[in-house]
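The values are calculated or read from the model by the stated rules, or taken from the named source; none is laboratory data. Not measured: the values here are computed from a predicted model. Cβ placement follows ideal geometry from the backbone for every residue including glycine, while neighbour counts extend to all protein chains displayed. Areas reflect the complete protein model, heavy atoms only, side chains present, ligands, DNA and RNA absent. Shrake-Rupley method; radii C 1.70, N 1.55, O 1.52, S 1.80 Å.
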Amino acid sequence: QVQLVESGGGLVQPGGSLRLSCAASGSIFSIYAMGWYRQAPGKQRELVAAIARGGSTNYVDSVKGRFTISGDNAKNTVYLQMNSLKPEDTAVYYCNAGINGMHYWGKGTLVTVSS
């Protein structure tokens, strides 16, 4: 059984920063990619950023230059550093990972950007 546990969400003022973490645990033989999705109220879930095991990354246009995804292969953990946060970044952020040939989701962590 594989689990993804997110942490690091919270309330932050516009222009502030947060760092999300997602740790994968369980019977892990291979991870080919990990990433972050988000879902704002009334909107569809969207991919925010992803990183492949080899280190290649991709981002949705709206966060380029502000968010950075990174990974620690030894810890099976992925991070999302979010800077210059905007109110429109408010959403539940979900970790997603391709592990052992299957996709797994975390339960989500709420990020609220508000003054």
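Dipole magnitude of the chain about its Cα centre, charges +1 at Lys/Arg Cβ and -1 at Asp/Glu Cβ only, in debye to the nearest 20?
Charge dipole, the chain, about its Cα centre: 0 debye, nearest 20.
At what distance in nm do the modelled label points of Val60 and Lys43 sit from each other, each positioned 7 Å from its Cα along Cα→Cβ?
The answer from the label model is 0.5 nm.
Val12: net charge of surrounding residues, Cβ under 15 Å, Lys/Arg +1, Asp/Glu -1, itself excluded?
+2
Residue by residue through the stretch 77-94, which ³J(HN,Hα) values in whole Hz follow from phi under the Karplus form 6.51 cos²θ - 1.76 cosθ + 1.60 (θ = phi - 60°), with glycine and proline marked x?
Here the 3J(HN,Hα) series is 10, 10, 10, 10, 8, 10, 10, 6, 5, 10, x, 6, 7, 4, 4, 8, 9, 10 Hz.
For the stretch 29-37, in order, what is each residue's ³J(HN,Hα) by Karplus, 6.51 cos²θ - 1.76 cosθ + 1.60 with θ = phi - 60°, in whole Hz (x at glycine and Pro)?
Values per residue, Gly and Pro as x: 10, 7, 10, 9, 6, 9, x, 10, 10 Hz.
Using only alpha carbon pairs under 8 Å that are at least six residues apart, calculate the relative contact order of the stretch 29-72 and give it in whole percent.
31 percent
Could you check how much of the accessible area of the stretch 1-73 is carbon and sulfur, as a whole percent, using a 1.4 Å probe? It would help to have the intermediate numbers written out before the result.
Values: 2010 of 4170 Å².
Of all accessible area on the stretch 1-73, carbon and sulfur atoms account for 48 percent.
Just how many % of Cα pairs in the chain lie over 24 Å apart, if you round to the nearest whole percent?
Of all Cα-Cα distances in the chain, 20 percent exceed 24 Å.
With every protein chain left in place, what is the accessible area per residue of the chain in square angstrom, probe 1.4 Å?
Values: 6180 Å² over 115 residues.
Averaged over the residues of the chain, the accessible area is 54 Å².
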